[in-house]
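So the structure is just underneath, and the comments pick up after that.
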Amino acid sequence: MDQVKAMLSALRANYLSDFPSHIDELEQLLLELERHGYQLETCRDLYRRVHSLKGSGGTYGLHVISDVCHPFEDLLSHLLENTALLKENFTETALLYVDLLRQAHSSYLNGEEPGSEIHSALSGIRQANTKTAHSALLVVSSELVLGLLKDVLRSEGFRIEVVNDGYLALGRMLGEHFDLLITSLETKRLNGLALISAVQKSGVRSHKTKTILLTTTQLKIVGEQPDFIIKKDAHLKDKFKQAVAEIIRS
């Protein structure tokens, strides 16, 4: 066990050591797009790099790096689907994410957990670049499940934020307004049921925030109840779509 911890610690240190060069490369690729216009391979390269940084950040416990990479990755995904986005402040927005990655890296390098100002900045970027009527915070680690949920929420015009840590999600819920909280039962540091209970007891319910708990098993819940409990099975997407439609109507 000690050997495994030592190995992970060494890998994390190497990741942080190499991080500035990865960020510099991202910045150069973004500036190349700005100079030469849309290039499919450059966009794909950017997406792969951000996706890799996101995954490694989560592996080494650098969750704020992953939190920044999620919307950055979404921005690049939208560009791949709609090249006209390049003319709509794409580079400016992408460089804001690069700056936040540098800030997070600096904090981790100094042995500190990045502060709430990074999440506030992320929220500000999203609000400035999306014209949506609803907002959702997702606390889901499975990329497959996350993709299904995002598809439904985007089709309904939701602004989407993603974190993969229950404790960080609670901080976001207490500091920002979200119309919808969607969480898996098993989440890091604070499980989904405890997260929903804490949100409801905090008074966030007064802002009409709805909650959805995703689970693989039947639950007997005592006390505060999620608005919806959805089982993760073959019908997940359809049941989630029905729940979101009901929430929008309410």
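The values are calculated or read from the model by the stated rules, or taken from the named source; none is laboratory data. Owing to the predicted nature of the structure, the values given are computational and were not obtained by experimental measurement. Neighbour counts run over all protein chains shown; Cβ positions are idealised from the backbone, glycine included.
Listed here are the residues, each with its yes/no results for (1) within 21 Å of LYS150 (Cβ to Cβ); (2) among the polar types (S, T, N, Q).
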{"residue": "LEU76", "(1), (2)": "yes, no"}
{"residue": "GLU92", "(1), (2)": "no, no"}
{"residue": "SER107", "(1), (2)": "no, yes"}
{"residue": "ARG126", "(1), (2)": "yes, no"}
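Could you run through the range 18-46 and say how many residues are among the polar types (S, T, N, Q) and either crowded, with 17+ Cβ neighbours inside 10 Å or in contact with a Leu (Cβ under 9 Å, 6 or more places away or on another chain) (or both)? Outline the logic, then answer.
Start the filter on the range 18-46 by keeping residues that are among the polar types (S, T, N, Q), which leaves 21, 28, 39, 42.
Restricting the remaining residues to those that are either crowded, with 17+ Cβ neighbours inside 10 Å or in contact with a Leu (Cβ under 9 Å, 6 or more places away or on another chain) (or both) gives 39, 42.
So the count comes out to 2.
Mind checking whether some residue in the range 125-136 is surrounded by 13 or more Cβ atoms within 10 Å (Cβ to Cβ) and charged (D, E, K, R)?
Looking for residues that are surrounded by 13 or more Cβ atoms within 10 Å (Cβ to Cβ) and charged (D, E, K, R), one finds at least one in the range 125-136, hence yes.
Confirm whether ILE160 is part of a helix (DSSP H, G or I) and of a type in the set (Val, Ile, Thr).
Numbers: part of a helix (DSSP H, G or I): no; of a type in the set (Val, Ile, Thr): yes.
So ILE160 does not fit the description; no.
Would you check which residues across the range 76-95 are within 14 Å of LEU122 (Cα to Cα), surrounded by fewer than 21 Cβ atoms within 10 Å (Cβ to Cβ) and not β-branched (Val, Ile, Thr) and list them? Write out each step before concluding.
First pass over the range 76-95, keeping only residues within 14 Å of LEU122 (Cα to Cα): 92-95.
Next, only the ones that are surrounded by fewer than 21 Cβ atoms within 10 Å (Cβ to Cβ) stay: 92-93, 95.
GLU92, LEU95, listed by residue number.
Quick one: what pairs do we get from the range 16-29, first residue under 21 Å from GLY61 (Cβ atoms) and outside the structural domain of LEU95 (by TED's automatic domain parsing), second modelled with pLDDT under 95 and in a helix (DSSP H, G or I), C-beta under 6 Å, 6+ apart or different chains?
Going by the 6 Å Cβ cut-off, there are no qualifying pairs.
In the range 49-66, is there at least one residue being of a type outside the set (Phe, Trp, Tyr), touching a His at 6+ places or on another chain (Cβ under 9 Å) and in a loop (DSSP other than H, G, I, E, B)?
yes
Of the residues that sit in the range 178-217 and are in a loop (DSSP other than H, G, I, E, B) and more than 21 Å from HIS63 (Cα to Cα), which one is nearest to the chain's Cα centre (by Cα)? Before the answer, list the steps.
Of all residues in the range 178-217, those in a loop (DSSP other than H, G, I, E, B) come to 178-179, 185-187, 189-191, 203, 208-209, 216-217.
Subsequent filtering for residues that are more than 21 Å from HIS63 (Cα to Cα) retains 179, 203, 208-209, 216-217.
Working: ASP179: 16, GLY203: 24, LYS208: 22, THR209: 18, THR216: 22, THR217: 25 Å.
Checking each candidate, the answer is ASP179.
Of a type outside the set (A, V, I, L, M), part of a helix (DSSP H, G or I) and closer than 14 Å to ASN164 by Cβ, is that true of HIS70? Give the derivation first.
Details: of a type outside the set (A, V, I, L, M): yes; part of a helix (DSSP H, G or I): yes; closer than 14 Å to ASN164 by Cβ: yes.
Answer is yes for this residue.
Just name the residue that is modelled with the lowest pLDDT out of those in the range 119-152 that are among the small types (Gly, Ala, Ser) and in a helix (DSSP H, G or I). Walk me through how you get there before you give the answer.
First, the residues of the range 119-152 that are among the small types (Gly, Ala, Ser): 120-121, 123-124, 128, 133, 135-136, 141-142, 147.
Still in the list and also in a helix (DSSP H, G or I): 120-121, 123-124, 128, 147.
On the way: SER120: 85, ALA121: 89, SER123: 79, GLY124: 84, ALA128: 76, GLY147: 92.
Taking the candidates together, the pick is ALA128.
Just name the residue that is modelled with the highest pLDDT out of those in the range 191-222 that are more than 12 Å from LEU181 (Cα to Cα) and among the hydroxyl-bearing types (Ser, Thr, Tyr).
So the residue we want is THR215.
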